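Structure first, then comments.
The values are calculated or read from the model by the stated rules, or taken from the named source; none is laboratory data. Not measured: the values here are computed from a predicted model. Note: ideal-geometry Cβ built from the backbone for every residue, glycine included; neighbour counts use all protein chains shown. SASA here: full protein model, heavy atoms, side chains in, ligands and nucleic acids out. Shrake-Rupley method; radii C 1.70, N 1.55, O 1.52, S 1.80 Å.
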Amino acid sequence: MAEVEKSKGTADYAPTIITPVMDDTNTNNNNASREDGSGSTAVHNTPTHPHRKLSGGEDEDVEKQDEMELSNSPPFEWDKGVWAWSTVFGAWCILFATFGMTNAYGVYQDYYVRTYLSTYTPSSIGWIGSIQIFFQFSMGFFAGKLFDAGHFYPMMVVACAFYAFCYFMLSLAKEQQYYQVFLAQGIGAGIALGFLFLPAISVISHHFKRYRAFAMGIVVSGSSCGGIVFPIMLNKLIEKHGFPTATRAVAATAAGLMALALVTMRTRVPPKPTTPAPAPAPAPTTSSDEKVPAKPAGPPMPTIKELVSDLPYMLTIAAAFVNILGIFTPIFYMQLFAITHSIPPSLAFYTITILNGGSVIGRILPNLFGDLFGPFNAIIFCTLGCAVLILAMLGAGSGQAAIILVSLLYGIFSGAYISLISPLMASLAKGVHEIGIRMGFAFTVVSFAGLAGTPIMGALLGNVDNSHHGDGEFGAGLHWNRPIGVSAAFMFLGFGLLIVARSITAGRKGTWKV
């Protein structure tokens, strides 16, 4: 009887593993008992193979995989809980302080072109914003690897401190000293931003499944809120107190928000091995011939070859690449566009704020539609809207109402596009264990589009004719039809690539809701 009781205790000790029922003969493989020749009861635990195939399609595979990855953790429910929503709040603060500043770069671009770096061309100044976007995305591959390896907190602490430091250094940059601005705002802040952006988005996947896109939309709306607050702060403080004081003020605001974020975010899924686990060794036995259950091996991370051979995934990356080449043109140049089209500065200074105000709506509601109808369907519609509205800028210079309307609508559609990229990439993953590396790989490729987009548009725009500065004809040498036409063409190309990727994915999953 003592041996029987020990066996029962051993069976109770075995970890709970959620597995599909394959057939009647395998239903009771785990924790099966048999009577041996000595009359004692021995417990046999058959390891569950991590790479199982289900008949219910890819969606069921992903759901079972996610459940397996959480099986050895404390009791857990998706889409609810205090820590789930506090993580959303903390990630929102990160996006407010970082990507919100990127959305306010149009203020810096306008001020640099007209005053602070007036001896340099718009194309040269555009490199400052583009190199920041490049590092924001290119560091995603390394940030994704660190995130999946379980280094979320150390990475976030270091990156937050370095980001605030770079903007305080920007406040010390001297007028007409291009390299000082480039190093602090372009390279330094860009690298820090790269190690903050992707982890803040990816950690939401640890807590949300059914409403993952909606939760990510709330998080990304933080960048829109930052894009509302920071342009107003910068324009008003630069006018009253100068560039150094204005930059220190936004840096201090960002530092406070990031400190709040660090104490409210929590990870959930334990880190996964980056290489396939070796075959399990024979389970050790106890003195009573009872086998100790072996801990199931985690699923291996996908290799680069596996990623590039995934056709819908690569087509989606290609679409994101060409779209990023064009989507930031109105965001970075709208304030300068308004001023050069005789819009009063008192209104032109608010065009970036209006645009980002619209993106608050765009980054929440379309993500809810993405949960209901599929992220592919939602992002395709938003891409088409962006392309049409960029072309609408050609006729928006005729009046104040037209510029306000285009800014507001473009904020809605561009905000929706940017916020839907992350849940779209996550939907193409085969489990939560590979979301970080898939998003990191995609953002690394897309980063080169962010690097090239703004300088290309600046070169197409031309140089400012300073001979008319001060007589009401500032910007007479700029050719707006060139960057606007090219940006719209890139968006239409991305629209076509997304349709192809969506068709293949829908065919594989057997549903239109992708």
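The figures follow:
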quantity	calculated
Among 328-334, 405-411, the order from most to least packed when residues are scored by Cβ within 10 Å on average	328-334, 405-411
Estimated inter-spin distance, K509 and A489, nm [label 7 Å along Cα→Cβ]	3.3 nm
Spin-label model distance (nm) - K209 vs K80, 7 Å beyond Cα toward Cβ	1.4 nm
Bins of 5 Å from zero: percent of alpha-carbon pairs in the stretch 362-514	2, 8, 13, 17, 19, 14, 10, 7, 5, 3, 2, 1, 0
Highest-first arrangement of 349-360, 80-91, where packing means the average Cβ count within 10 Å	349-360, 80-91
Peptides ranked, highest mean first, by Cβ atoms within 10 Å: ranges 429-442, 111-124	429-442, 111-124
Percent carbon-and-sulfur accessible area, the stretch 104-251, ignoring ligands, DNA and RNA, probe 1.4 Å	70 percent
FRET efficiency for I232 and S309, using Cβ-Cβ distance with R0 set to 60 Å, rounded to 0.05	0.80
Probe 1.4 Å, accessible area per residue of the stretch 114-261, Å²	34 Å²
Mean Cα-pair separation over length for the stretch 373-514, i.e. relative contact order, pairs under 8 Å, 6 or more apart, %	35 percent
Average accessible area per residue (Å²) across the stretch 368-444 - probe 1.4 Å, nucleic acids and ligands excluded	29 Å²
